[in-house]
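Structure first, then comments.
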Amino acid sequence: FFPVFLIGAAFGRLVGETMDVMFHSGINGHLIAPGGYAVVGAAAMAGGVTHTISTSVIVFELTGQITHILPVMIAVLISVAIASLLQPSFYDSIIQIKELPFLPDLKLHKYYNLYASDIMRRDLLYLSYQSTYRDLRQLLKNSKHSSFPLVDNTESRVLIGSVSRLNLWFILNEQLQGVYEHAREIKNRQLEGENEESRSVSPERPSSPKTSIVQSMSTFTRIFKSPPTDGVDATEEDLAEVIDSEPESSEYLLQLEEQQLSQTIIFDSILIDPSPFQLVEMTSLTKVT
C-alpha cells in the first residue's frame with residue numbers, strides 16, 4: 001500500500017509543479033500549491049489500486065486536515081469507477097495469482113439476475129419428527145449428501161435445522177445394533193462349526209485357534225466399521241448372508257429388524273445445526289456472492 005501511495009503522491013506532485021510553472025502567478029489570484037496535488041494524487045492512486053473509497057479517510061488522517069476534502073473525494077471516486085471497469089483490485093489479483101478460491105464479480109455476468117428458484121430442486125430429500133428408522137435407512141441409501149434438512153412435519157415443512165450424514169448413520173447403526181449382534185453370534189457359531197468339521201476331517205493337521213480368532217475379529221470389524229461412503233453397509237450384507245445360510249434364524253432376525261426400523265427416530269441425542277446455510281426462492285445469486 002505504501003509504495004502505491006508514494007507513486008500517486010509523486011505523480012500528483014509532478015502535475016502540481018507543472019501547473020505552478022504554467023500558472024506562476026496563480027489562477028484568479030490563488031497560488032498553485034503543488035503539495036495539494038500530491039495529496040490528491042496519492043489518494044486517487046491508492047483508491048484505484050485497492051478499489052476502495054476509504055483511502056480518502058486515510059489521507060485525511062495522515063494530513064490532519066480536511067481542507068482538500070472536495071478534490072480528494074472527487075479524485076478517489078473517479079479513479080475507483082474507472083479502475084473497476086478495467087481490472088480487478090490489487091487484493092483480488094493476488095488471490096487469482098495464488099490460485100486461491102475466488103468469487104468473481106457478477107455485476108457484468110449473465111447470471112447477475114439468476115435466482116435460487118431457477119436452479120433449485122423441488123424433490124428435496126428431508127427428515128421430519130415423524131420419520132422412522134426405515135425412512136432414514138432408505139434416505140441414506142438413495143442419497144450421498146453430507147447433510148439433510150430436518151422439518152417439523154411433512155405438511156408444513158418448517159425448517160428446524162440440518163443433521164449431518166455421519167450422525168444419522170451412527171443412530172441408525174445404534175438402533176440396529178441388537179440385530180447385528182445376533183447375526184454376528186450366528187455367524188460365529190457357523191465359523192466354529194466349520195472349524196470343528198475341518199478338525200474331524202484332518203486330525204493330523206489341527207487348525208490353529210488363532211484362525212478362529214482372526215476370522216471372528218474380521219467379522220466384528222466389518223460389522224462395526226466406519227460409516228459407508230457408497231450407501232451400502234457391510235452389516236446388512238452380513239445380515240443377509242446369515243439369513244440365507246440359516247433359514248431357522250431368518251424369521252426371528254427379520255422380525256427383530258422390522259420392529260427396530262418401525263420405531264420413530266428420536267432426535268433428542270442428535271446434534272442439529274439450527275442455522276444451516278439456506279436459500280429461499282427469490283434469493284439472487286448476487287446476494288449469495
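How high is the relative contact order of region 22-98, given as a whole-number percent (alpha carbon pairs under 8 Å, six or more residues apart)?
Working: 67 pairs, mean separation 26.0, N = 77.
Worked out over region 22-98, it gives 34 percent.
Annotation: VAL280 carries an accessible surface of approximately 90 Å², with a 1.4 Å probe and no ligand, DNA or RNA atoms counted. Each of LEU159 and ARG134 was given a label point 7 Å from its Cα along the Cα-to-Cβ line. The distance between the two points is 3.0 nm. All alpha carbon pair distances within region 5-145 were sorted into 5 Å bins beginning at 0; the resulting P(r) in whole percents reads 2, 8, 12, 12, 11, 9, 8, 6, 6, 5, 5, 4, 4, 3, 2, 2, 1, 0, 0. Fully extending the segment from GLU174 to LEU125, taken as 0.36 nm per residue of separation minus the present Cα-Cα distance, adds 15.4 nm.
Quick one: length gained pulling ARG189 to LYS98 fully straight, 0.36 nm per residue minus the C-alpha distance? Write down the numbers at each step before the final one.
Details: separation 91, 0.36 × 91 = 32.76 nm, distance 6.00 nm.
So the chain would gain 26.8 nm between ARG189 and LYS98.
How high is the FRET efficiency from ASN28 to THR283, r the C-beta distance, R0 35 Å, rounded to 0.05? Don't jump to the answer; show the numbers that get you there.
Values: r = 55 Å, r/R0 = 1.57.
For R0 = 35 Å, the calculated efficiency reads 0.05.
The values are calculated or read from the model by the stated rules, or taken from the named source; none is laboratory data. Every value quoted in this text rests on a predicted model; they were computed, and no experiment measured them. FYI the Cβ positions are ideal-geometry reconstructions off the backbone, even for glycines, and counts take in every protein chain you see. SASA here: full protein model, heavy atoms, side chains in, ligands and nucleic acids out. Shrake-Rupley method; radii C 1.70, N 1.55, O 1.52, S 1.80 Å.
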